[in-house]
Amino acid sequence: MSTKHDDQAIRAHLAQCDPVLAQLLEAHDVLLVEENDREQEHYAALVRTIVGQQLSNHVVAILWGRLLERFGGRPPTPAEILADDPEELRAAVGLSGSKVSYLRSLAEQVESGAVDLEHVSELSDEEIVAELTTIRGIGEWSAHMFLMFQLGRPDVLPWGDLAICKGVEKAYGLKETPKRAALEELAERWRPHRSAACRVIWWTIDRPEG
């Protein structure tokens, strides 16, 4: 489990390597290291990621609650998703047809063993992204979220996250929203704590300084 010492060490590193982050950290009390026992199963985490794609946190919480209710108050297993009627699942939870299709694709690949979630944590970040993006409906953004919030990987840069791109544009006074190459170049200084740096950007983008 992460400690207060971890947070302080990462904070010191980011403040030293990047004056913009130093100012943001000075102005905002941002939690850089999340204490998470990560008891949620990897499959359930991916199901929730699919459910929550392109939706606000408030809406995601509602839909996730409906999904849990449909399966007895717990996340469904792959077999249960495949056994459920797709149209009934869509209507009961309030999902789009495409998301139901993505959930079934995930369930099929996990059930068949094509995607091995039991040992996924043994892979490198790059290998995990390559593995997960073979699943229909799981793109690089979803894979990056899985790395950061489910596996707690410390050096992830979700370059496809619009809030990160807009936040960097605002914080660094850029003339335009950075594309992938520009964002990766700027974030190189944050290594090996790019995940924590992104937390700073996320936390501060909609908050006034001071």
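The values are calculated or read from the model by the stated rules, or taken from the named source; none is laboratory data. Everything numeric in this text was worked out from a predicted model, so none of it was measured. Ideal geometry is used to build each Cβ from the backbone, glycine not excepted, and the neighbour counts take in all protein chains shown.
What the table shows:
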quantity	calculated
Hey, Ala79 in contact with an Asp or Glu (Cβ under 8 Å, 6 or more places away or on another chain), not assigned by TED's automatic domain parsing to the domain that holds Ala27 and not basic (Lys, Arg) or not	yes
Within region 76-116, helices (runs of 4 or more DSSP H) holding 3 or more residues that are farther than 26 Å from His58 by Cβ and in contact with a helix residue (DSSP H, G or I) (Cβ under 7 Å, 6 or more places away or on another chain)	78-83, 97-112
Test result for Val120, within 29 Å of Leu162 (Cα to Cα) and in contact (Cβ under 8 Å) with a residue 40 or more places away in the chain	yes
Checking Glu69 against (1) closer than 15 Å to Ile138 by Cβ; (2) assigned to a helix (DSSP H, G or I); (3) without any contact (Cβ under 8 Å) to a residue 24 or more places away in the chain, the condition it does not meet	(1)
One residue from Gln54, Gln23 being modelled with pLDDT under 95, in a helix (DSSP H, G or I) and either closer than 20 Å to Ser96 by Cα or not β-branched (Val, Ile, Thr) (or both)	Gln23
Every pair of residues 6+ apart whose Cβ atoms lie under 9 Å, when the first sits in region 140-163 and is farther than 18 Å from Tyr43 by Cβ while the second is hydroxyl-bearing (Ser, Thr, Tyr) and surrounded by fewer than 20 Cβ atoms within 10 Å (Cβ to Cβ)	Glu140/Thr133; Leu162/Thr177
Test result for Glu80, among the acidic types (Asp, Glu) and modelled with pLDDT under 85	no
Test for Gly210: is it under 20 Å from Gly52 (Cα atoms), assigned to a loop (DSSP other than H, G, I, E, B) and either modelled with pLDDT under 95 or touching a Phe, Trp or Tyr at 6+ places or on another chain (Cβ under 6 Å) (or both)	no
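Let's see how each residue does on (1) crowded, with 17+ Cβ neighbours inside 10 Å; (2) assigned by TED's automatic domain parsing to the domain that holds Val47; (3) in contact with a Phe, Trp or Tyr (Cβ under 9 Å, 6 or more places away or on another chain); (4) closer than 18 Å to Ile10 by Cβ:
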{"site": "Leu132", "(1), (2), (3), (4)": "yes, yes, yes, no"}
{"site": "Gly137", "(1), (2), (3), (4)": "yes, yes, yes, no"}
{"site": "His144", "(1), (2), (3), (4)": "yes, yes, yes, no"}
{"site": "Cys165", "(1), (2), (3), (4)": "yes, no, yes, no"}
{"site": "Lys179", "(1), (2), (3), (4)": "no, no, yes, no"}
{"site": "Glu184", "(1), (2), (3), (4)": "no, no, yes, no"}
{"site": "Arg189", "(1), (2), (3), (4)": "no, no, no, yes"}
{"site": "Cys198", "(1), (2), (3), (4)": "yes, no, yes, yes"}
